[in-house]
Amino acid sequence: MIENFIESSKYAQNLVSIKSEMLKDIERESLEEKVPIVTREVLKFMIFTAEGIKAQNILEIGTAVGYSGAFLAQIANRNKGQLTTIEIDGERYKRAVKNFEKMDLLNKNKLILGDALEEIPKLNKNEKFDFIFIDASKGQYMKFFQMCWELLNEKGIIFIDNLMFRGLVAENDGNTPKKYRTIVGRLKEFINKLNREHDFVLLPFGDGVGLVRKRLK
């Protein structure tokens, strides 16, 4: 067991190099402004997973400013598909549009402004996704997952970030600050349901990464 987990995480993050200066700038600005984006080791694992299944059509719940989406869009486009990504915050959506435009990704992919709980049902039910990335409101993860499951191709993967919510999911309930108890309780319920009913793995790095694979019927 790794005892110094923080230093180990930093070590893993430092192994990940980002070649694009534009993406480096987006990462730096996001960290400075405390816009939530994936950590580098989670990003690397996400890319590794999506590329490994040759994901063609990809859905992202939670665009933020387009950081993770840019990587996913490039994977989808290389495989002759597209990224569909949904963001509820108007200002972040505008920045994501500008960032995608600068990287020549805007016309090849679909960025949607709106609440994912309202926008997911509007997606074409005949359009299935190979890879779905969920990184939005933690208290709604169960609903996001249930909506996305029907849109996932067989052998497809749903990749869920921040499942451990600052590590609080692993703590005793009495140690959870009152303001987080509802979110943590919902996440625990969600994790237990995934573990019982699906082909699921929870990995304790970043802030907890969950993968669910859709088995062949």
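GLU197 label point, 7 Å along Cα→Cβ, cut-off 13 Å on backbone N: hits in the range 99-142? In the range 99-142, the label zone of GLU197 (backbone N under 13 Å from the point 7 Å along Cα→Cβ) covers 142. Residue-wise HN-Hα couplings along the range 156-167, as the Karplus relation 6.51 cos²θ - 1.76 cosθ + 1.60 with θ = phi - 60° gives them from phi, are x, 10, 9, 10, 10, 9, 6, 5, 8, 6, 6, x Hz; Gly and Pro carry x.
List the pairs from LYS94/LYS125; LYS80/LYS214; LYS98/LYS179 whose alpha-carbon separation is above 32 Å, in the order I gave them. The partial results should precede the final answer.
Values: LYS94/LYS125 27 Å; LYS80/LYS214 22 Å; LYS98/LYS179 35 Å.
Going by Cα-Cα distance, LYS98/LYS179 fall outside the 32 Å limit.
Solvent-accessible area per residue for the chain at a 1.4 Å probe radius, Å²? Walk me through the numbers before you get to the answer.
Working: 11960 Å² over 217 residues.
I get 55 Å² per residue for this part.
Extension gain, LYS108 to ALA170, is 18.3 nm, computed as 0.36 nm per intervening residue step minus the present C-alpha separation.
Sequentially through the range 122-131, phi angles give Karplus couplings (6.51, -1.76, 1.60; θ = phi - 60°) of 7, 5, 4, 5, 8, 9, 9, 10, 8, 9 Hz, Gly and Pro residues having no value and appearing as x.
When the P(r) is computed for the range 1-75, the part past 20 Å accounts for 36% of the Cα-Cα pairs. Helical runs (DSSP H, four residues minimum) scored at -39500 (n - 2.57) apiece and divided by the length of the chain put the mean residue ellipticity at 222 nm at -12500 deg cm²/dmol. Computed over the chain with a Gaussian network model linking Cα atoms closer than 10 Å, the most mobile of PHE129, PHE165, PHE48 is PHE48. Which percent of the accessible heavy-atom area of the chain goes to carbon and sulfur, probe 1.4 angstrom? Summing carbon and sulfur atoms, their accessible area is 50 percent of the total for the chain. Of the GluC sites (Glu not before Pro) found in the range 138-217, the ones in coil according to DSSP and having at most 16 other Cβ atoms within 10 Å of their Cβ are GLU150, GLU171.
Phi-derived couplings, Karplus 6.51 cos²θ - 1.76 cosθ + 1.60 at θ = phi - 60°, listed residue by residue for the range 205-213: 9, x, 10, x, 10, x, 10, 10, 10 Hz, with x used for Gly and Pro. Below 28 Å, Cα to Cα, which lysines can LYS10 reach? Residues fewer than 8 away in the same chain don't count. Within reach: LYS19, LYS24, LYS34, LYS44, LYS138, LYS188.
Note on the chain: with a GNM built from Cα contacts shorter than 10 Å, the maximum mean-square fluctuation among ASN14, ASN195, ASN126 falls on ASN126. Computed over the chain with a Gaussian network model linking Cα atoms closer than 10 Å, the most mobile of LEU168, LEU111, LEU15 is LEU15.
The values are calculated or read from the model by the stated rules, or taken from the named source; none is laboratory data. All values reported here derive from a predicted model rather than from experimental measurement. Cβ: placed from backbone, ideal geometry, glycine included. Neighbour counts: every protein chain shown. When the accessible area is computed, the model is the full protein with side chains, heavy atoms only, and any ligands, DNA or RNA have been set aside. Shrake-Rupley method; radii C 1.70, N 1.55, O 1.52, S 1.80 Å.
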